[in-house]
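Scroll down for the structure; my scribbles are underneath it.
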C-alpha cells in the first residue's frame, strides 16, 4: 500500500471520527421522493434510538418515513421553496423517537449535484431543539394567558417617556375614556387644569404625582376620578414606578391604572352609612364635630372661619300639626337647600331633630358670612311654596367666628348657640352673630350645650352605640395595612361589645364545596373550634343544603338550636352552641362564607337593632375580606407566571419594536448578561452597539411575516445563537419576543 493511499485512508478515518462525534447528527440522503438515506452518523442513530439495521428494516432507509406525518408535506414544500432560492436548507420539523417521544430537530443541509448526472443528494446536520421548542411554546402560552388576563380586566398599562414626553398605553384606554388621549405633550396634563378629564377636586392630586416624580420618588400611588365614556367620573387607582438615569433624573414612568370604582362606591356607601344622617344625607353629629375639630387644629392664624347653628322655627308645631312624614320632607328640603347655598368645601351636619350646623372655611371677611346666612334664611322661606303653602317655614341662625371667638370647637359651638338664642329672642327668622356685649341676654341658668349631648329623633332606640361601633370597625379596616390583624382585633371588640361566647368567620374554598374557619375569637371559658373546622365539606358534613338556612337578607338566626334538624343540632351542640346568628358573605349574590356569633351559655334572643348592627358589621368585614382574597389570588397568579418565565432554559426577552428597548428579560438572560435591564436598548446590552443591528430580525417582521429565525454571531460573548423572533402582544401593545439558544458548538463543527 503506497503512502498516498495511507494518507487518504487516514483522512477518511479522521473524518468519520469527527462526523460521528459532532453534537447532534449528520446524514446524507438523496433528494428523491422518499429521501433515501445513504449515510448516517453515530449521533444520528443515538438521537432517534434506532440501530442502522432497524432504520433499514422499519423505514427501508427512507428518511421521509421517519419524519412525523404531520410535518411531511409542510416540510417538503418548505424544502422546495428554499431550493428555489439556493442550494441550502434550514428547517425545523418533528421526528418520532423509538420510545415514542416526539423530537423537534433543526435541519441545516447543503444540496450537492451528482457529477455523473444522477440524483442530487443532501448533506445535513440536525440538532435536537425539543427543549427550546417546548420552552417557546410554553412561553407563548404563558404570554397568551397573560394577554387574556389583561384583556379581561379594565386595568390599563401605560408607559410615559419623560425625556421625549411621549405616552404609550394599552388598547383598552381609548375604549374606556371619552376624551382624546395624547401620545405626545403629556406634561401639559400636569400643568393645565383640564376640567373635562379629571374631577376638579382631584386635580391637586395630579399635581402631587408630578412633583413626586420630579423629587425622585421611585413609586407613586394615587386615587383619581376620571371621566369615562358614560360621562361619569369613575374612580381609578394609579400605580406608578419611575425609572431614573445614572444622574438620578427621572426618564420613564411605567404605570397601571386600576379600576376601583365598584370598590370605592361600596366603601363610600359604607362610609356614608357610618358618617351620614339617613334622612338628610348630611354628616351626623359625631362626624361633623370630628371634622370641624380636625380643621380647627390646623387652621392658619390669619384665616376667618364661622360656625353657624341653624334651627327651624316652630318645627314641633309643624311636625305635630302636619305629621312626621311632612316634617321629614321639610328637613330633607332644608338639607338640600343648604347644600345649594354653601360650598362643597364647607362642613354641613344635622345635630338635632330640627337643628343643623355649618362650618364655613376661609371666608375672607364677615360680609361673606352674613351673605350666606341671609341666603339660607331666604331659601327656608321658599320651602313653604314647595309644599303647597301648608306651613310657614323659617329658620333662625346663630353665628360665632374663629379665631375671634375661639379656636376650639366647644367654645365656638357654645357661642354660636348663645347667638342662636339671641336670634330666637329677637323674633326668629333672622341670624345673629355672637357679641360679647350682648352675651348677658343668654339665660343665666341655661347649661351651655355641646353638640355631642344632642339627640336626633330618628336615631333614638339605642342605635347610636351600634352606629359608632360600625363606624369604628369600618375605619379600622379602611386604615389598616394588614387585614388579618385588623379582622382579629375587630372580632374581639364586637364579641366583647355584645357579650357573645364566640365570634368567627368561615370562608369558602375556591370551588365553593367546602368552607374553613379562618378567624375566631372566644370569650373567657369558651373552647375554641377553629383548629377542628379547617375544612368542612358542605356535602359530607353539612348535608349539602346548609346555605339554604340563610334568608334573602343573608341571615341565619336561630335562638334555640334544638329546633334545628338533628344533623345540624349534633354538629352545633358538639361545639357547645345554644343560640347562633350567622350573616352571609356574598360576592355578586353568591354566598362565599359567613360571619357568625355563637352563644354557649343560654338561649339568646337578639333585638332587631342588634341584628341590624351585626349584619352591617358583617357586610363591612365581607367587603374587605373579599378584596383581600382577590388581592392574594392576583399576587399568586402574577408570581406564578413570572416563575414560569424565569425557569425557562432559553434566553428569552421581549423588546419594543419601535425603540428596541427591553420590556422583559427572563432569569437566564439576566444571569448570562448581568447588565441587562428593563428599558435599555437590546443592541446596547447584548452587542455593545450604539444603534440597532443591521441584521436585526425585527426589520423583516410584519403582519404577513410574524416569525423570523436566523443564526447570529455575538462578538461580545463570542458565541453563535439560533434566534427566533416573533410578534407578540405584550401588555396590550405590539412587541417582539426573542428566544435564543447556544449553537456555538454546532457552528464550530460546521466550520471545521
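Details
- Only one of 560, 656, 598, 612 that is in contact (Cβ under 8 Å) with a residue 40 or more places away in the chain, farther than 30 Å from residue 136 by Cβ, crowded, with 16+ Cβ neighbours inside 10 Å and touching a strand residue (DSSP E or B) at 6+ places or on another chain (Cβ under 7 Å): 598
- Residue 343 vs. criteria under 21 Å from residue 277 (Cα atoms) and part of a loop (DSSP other than H, G, I, E, B): yes
So that you can scan it fast, the table gives a plain yes or no per residue for (1) at pLDDT below 75; (2) surrounded by 14 or more Cβ atoms within 10 Å (Cβ to Cβ); (3) assigned by TED's automatic domain parsing to the domain that holds residue 355:
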position	(1), (2), (3)
436	no, no, yes
442	yes, yes, yes
446	yes, no, yes
481	yes, no, no
487	no, yes, no
501	no, yes, no
512	no, no, no
516	no, yes, no
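- Selected residue (criterion: surrounded by the most Cβ atoms within 10 Å (Cβ to Cβ)) from residues of segment 696-710 that are out of contact with any helix residue (DSSP H, G or I) (no Cβ under 7 Å at 6 or more places or on another chain) and over 12 Å from residue 657 (Cα atoms): 709
Per-residue answers, yes or no, for (1) closer than 26 Å to residue 114 by Cα; (2) touching a helix residue (DSSP H, G or I) at 6+ places or on another chain (Cβ under 6 Å):
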| position | (1), (2) |
| --- | --- |
| 53 | no, no |
| 63 | yes, no |
| 66 | yes, yes |
| 69 | no, no |
| 82 | yes, no |
| 90 | yes, no |
| 97 | no, yes |
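- From the list 256, 260, 330, 347, the one residue that fits, being modelled with pLDDT of 90 or more and either surrounded by 15 or more Cβ atoms within 10 Å (Cβ to Cβ) or more than 25 Å from residue 404 (Cβ to Cβ) (or both), is 347.
- Residue list for segment 21-50, filter: on the phi > 0 side of the Ramachandran plot and surrounded by fewer than 17 Cβ atoms within 10 Å (Cβ to Cβ): 49
- Apart from one condition, residue 527 fits all of (1) modelled with pLDDT of 90 or more; (2) under 18 Å from residue 579 (Cβ atoms); (3) outside any loop (DSSP other than H, G, I, E, B); the exception is (3).
- When segment 532-557 is filtered for residues that are without any contact (Cβ under 8 Å) to a residue 60 or more places away in the chain and part of a strand (DSSP E or B), the ones remaining, listed by number, are 536, 537, 556, 557.
- Subset of segment 533-546 [closer than 22 Å to residue 621 by Cβ and surrounded by fewer than 17 Cβ atoms within 10 Å (Cβ to Cβ)]: 534, 535
- When we screen 216, 281 for residues that are farther than 25 Å from residue 344 by Cα and assigned to a loop (DSSP other than H, G, I, E, B), the only hit is 216.
- Within segment 67-94, the residues that satisfy the criterion of being more than 45 Å from the chain's Cα centre (by Cα) and surrounded by 18 or more Cβ atoms within 10 Å (Cβ to Cβ) are 67, 75, 79, 89.
The values are calculated or read from the model by the stated rules, or taken from the named source; none is laboratory data. Here the structure is a predicted model, which means the values were calculated and not measured. A quick note on method: Cβ atoms are made from the backbone with ideal geometry, for glycine too, and the neighbour counts reach across all protein chains shown.
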